[in-house]
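Notes to accompany the following structure.
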Amino acid sequence: MYGRKVKLRFLFVSTILLILILTVFLVLKSLEENVVYFQSPSEIKSLTELTNNKIRVGGMVKKNSINMNSNEVNFIITDFKNEINVTYSGAVPNLFEEGKGVVAEGVLKDRNFFSATKILAKHDENYMPPEVKAALEEN
């Protein structure tokens, strides 16, 4: 039927294809473990099933909601429709304050409580580093 060259070429191409498929599968599987989904408080309230996967919750820090203890910070993230209470242990970023945007990464305890392991304070689109601002003012 087929000659020896054709059989070897088919075996080579099949092996390369199998290795490529296996590599893509392993890369996608490893990335799946590191994916952190972003959700707003409204999306969390509408969840049908809670999981213990790590997620990010984002919104604005509600006015008069920050309560700092010696080693714990409690505050409320709102999207102006729904709210979620957040507990965080650790140092908060300098940009973290009431009325500003924030993203908290952690685990949901239930639809109203979130235990954060990381706080990311967001700045607005007009933010400019002080060094750049000083350089522009000189010119």
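The values are calculated or read from the model by the stated rules, or taken from the named source; none is laboratory data. For clarity, every value in this text was computed on a predicted model and none was experimentally measured. Heads up, the Cβs are rebuilt from the backbone with ideal geometry, glycines too, and the neighbour counts pull from every protein chain shown.
For this structure, a couple of remarks:
- Residue match in the stretch 40-57 (condition: hydrophobic (A, V, I, L, M, F, W, C) and exposed (fewer than 10 other Cβ atoms within 10 Å of the Cβ)): no
- Of all the listed residues (THR117, THR78), the sole one being at negative phi, touching a Pro at 6+ places or on another chain (Cβ under 7 Å) and of a type in the set (Ser, Thr, Tyr) is THR78.
- Matching residues, the stretch 1-36, being under 30 Å from VAL57 (Cβ atoms) and surrounded by 10 or more Cβ atoms within 10 Å (Cβ to Cβ): VAL27, VAL36
- Of all residues in the stretch 58-87 being small (Gly, Ala, Ser) and within 16 Å of ASN112 (Cβ to Cβ), the one that is surrounded by the most Cβ atoms within 10 Å (Cβ to Cβ): GLY59
- Of all the residues in the stretch 88-112, those that are among the aliphatic types (A, V, I, L, M), surrounded by fewer than 18 Cβ atoms within 10 Å (Cβ to Cβ) and part of a strand (DSSP E or B) number 2.
- Meets criteria (among the small types (Gly, Ala, Ser), closer than 17 Å to ILE119 by Cα and in contact with a strand residue (DSSP E or B) (Cβ under 7 Å, 6 or more places away or on another chain)) for GLY90: no
- Within the set GLY106, GLY99, the sole residue that is small (Gly, Ala, Ser) and at pLDDT below 90 turns out to be GLY99.
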